[in-house]
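Let me begin by presenting the structure, written as structure tokens, before commenting on it.
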Amino acid sequence: MSDPFELQRSLFREHLRTVLEAAQPITADNVLELEQSLMEAEVEAGKRALQHAGPPPFLPGSPEFVQQHSSTCMSTSLANALISMGEPWLLENAAKRVRELTDHVVLNTSSFGKPGDYRSVDDLFKYLEAGKLKEFPIEGDFRVRLTSSLIDVIEALWTGKGRLVVQRRAHARLVFGLAFDDEAQPVFLMRDPMSADGQGFDLVSIETVRFEFLWSPLKKIPRLMGPHAFPQLTAEELLGHLERYEQMENLGVDCPSALVFRAADAPPLHPPPVEEEADASGAATETTEPTE
């Protein structure tokens, strides 16, 4: 049987192109309606993938989570993700060790433009890629991959290979599992790090995560439409900008979501850009990037 997640990803990409081509030119007047339509379509694609995939082979169990201290919701959610993945060092004396880890994240990432001890998913990306986590006696090695794909999120949680760290209104939460409610509807298991130490979590619909926590399938485009950026775009132009975003590992503090993986399960990073070729005189060939 074909991979139901890859099948739905492929069908959604085709749907995205079809919708954009039918709507062009894309302007500030129609881009928000397109955004809404595409998010609804991705929710349906995610549900179809689960219908074909069946019950998740991974059961999240009942992790003993730790409450955040100060404004460390993002780094505490990272620590709780590692707890839910069974990292031994954090399972013993968890409250003390989570605090050590979150303090270390704060000290080794940028505070610029962020309130208190808050850090972004982009900071977690930089922290883990720099190998800072290995300054603790951690047995595993972990990575984050910034994401805006609901289907990727569902697959990672269905398999148990990933956990989702998400932010909304400068407060981060952890999505650590996938289950089905009493009406056989898929729901995410979400932990708010402001909750007291223990097993507490909320059941959150797929729609809520798609609409309130992830970037839309159009990423930054809706916010960039208008007289001071893109007055209008063709479907090909918009898809070209989205392709550029897909090649960026570091999307900045605007990106609200990232999947946490063990290093062995993390998708590979995109290769670095091809180096500029030198011309006959030895000078580097100048390249230009489209501006936004």
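Read the figures in this text as sums done on the coordinates, not as results from a lab. Fair warning: this is a prediction, and the values are worked out from it, not measured in the lab. Positions of Cβ are backbone-derived with ideal geometry, glycine not excepted, and every protein chain shown enters the neighbour counts.
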Check: Can you tell which of 190, 85, 248 shows the greatest fluctuation in a Gaussian network model of the chain with Cα springs below 10 Å?
Finding: 248
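At a threshold of 8 angstrom on Cα-Cα distance, excluding pairs fewer than six apart, so keeping six or more, what relative contact order does the stretch 29-140 reach in percent?
Across the stretch 29-140, relative contact order equals 25 percent.
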Checklist line | Antiparallel bridge percentage (DSSP; both residues within the chain; nearest 5) | finding: 95
Note to self: Suppose each label sits 7 Å from its Cα in the direction of the beta carbon; what would the residue 95-residue 184 distance come out to in nanometres?
What the structure shows: 4.4
Check: Hey, can you list the DSSP H helices of the chain whose Cα span along the axis is 30 Å or longer and whose average Kyte-Doolittle score is at least -1.0?
Finding: 31-53
Next item on the list: Give the span of the stretch 112-155's Cα atoms along each principal axis, as three whole-Å numbers ordered largest to smallest.
Entry: 33, 32, 14
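Write down, largest first, the equivalent ellipsoid semi-axes of the stretch 7-50 in whole Å, where each equals the square root of 5 times an eigenvalue of the alpha-carbon gyration tensor.
Numbers: eigenvalues 93, 26, 4 Å².
The three semi-axes for the stretch 7-50 are 22, 11, 5 Å.
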Check: So which GluC sites (Glu not before Pro) in the stretch 104-212 are both in a DSSP loop and have at most 15 other Cβ atoms within 10 Å of their Cβ?
Finding: 139, 183
Next item on the list: Return a whole-number percent for the relative contact order of the stretch 110-261, with Cα pairs under 8 Å and 6 or more residues apart as the contact set.
Entry: 32
Margin query: Just to be sure I understand the model, the point goes 7 Å from the Cα along the line to the Cβ. What's the resulting residue 270 to residue 228 distance in nm?
Written below: 2.6
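For the stretch 25-82, what does the alpha-carbon gyration tensor say about shape, rounded, prolate or oblate, given a ≥ b ≥ c as the root eigenvalues, a/c under 1.5 as rounded, and a/b over b/c as prolate?
Details: a/c = 5.42, a/b = 1.44, b/c = 3.75.
Since a/c reaches 1.5 but b/c is at least a/b, the shape of the stretch 25-82 is classed as oblate.
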Next item on the list: Within 10 Å of each residue's Cβ, count the other Cβ atoms and sort 47, 96 from fewest upward.
Entry: 96, 47
Check: Taking amide H positions as placed 1.01 Å from N in the peptide plane, with prolines and chain starts having none, which residues 5 or more places from residue 147, or on another chain, fall under 5 Å of its amide H?
Finding: 257, 258, 259
Margin query: Can you give me the long-range amide H partners of residue 70? Hydrogens built in the peptide plane at 1.01 Å from N, cutoff under 5 Å, separation of 5 or more residues or another chain.
Written below: none
Next item on the list: For the stretch 63-138, take the alpha-carbon Rg, divide it by the Kirkwood Rh, and send me Rg/Rh.
Entry: 0.93
Item checked: Proximal lysines to residue 96, defined as alpha-carbon separation beneath 28 angstrom and excluding residues fewer than eight positions away on the same chain -> 114, 126, 132, 134, 161
Notebook entry, point to check: Expressed in nm to one decimal, what extension gain is obtained for the pair residue 27 and residue 3 from 0.36 nm per residue of sequence separation less their Cα-Cα distance?
Noted result: 5.1 nm
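Using only helices, what value at 222 nm comes out for the chain when you add -39,500 (n - 2.57) per DSSP H run of length 4 or more and divide by the total residues, to the nearest 500 deg cm²/dmol?
Per the formula, -12000 deg cm²/dmol.
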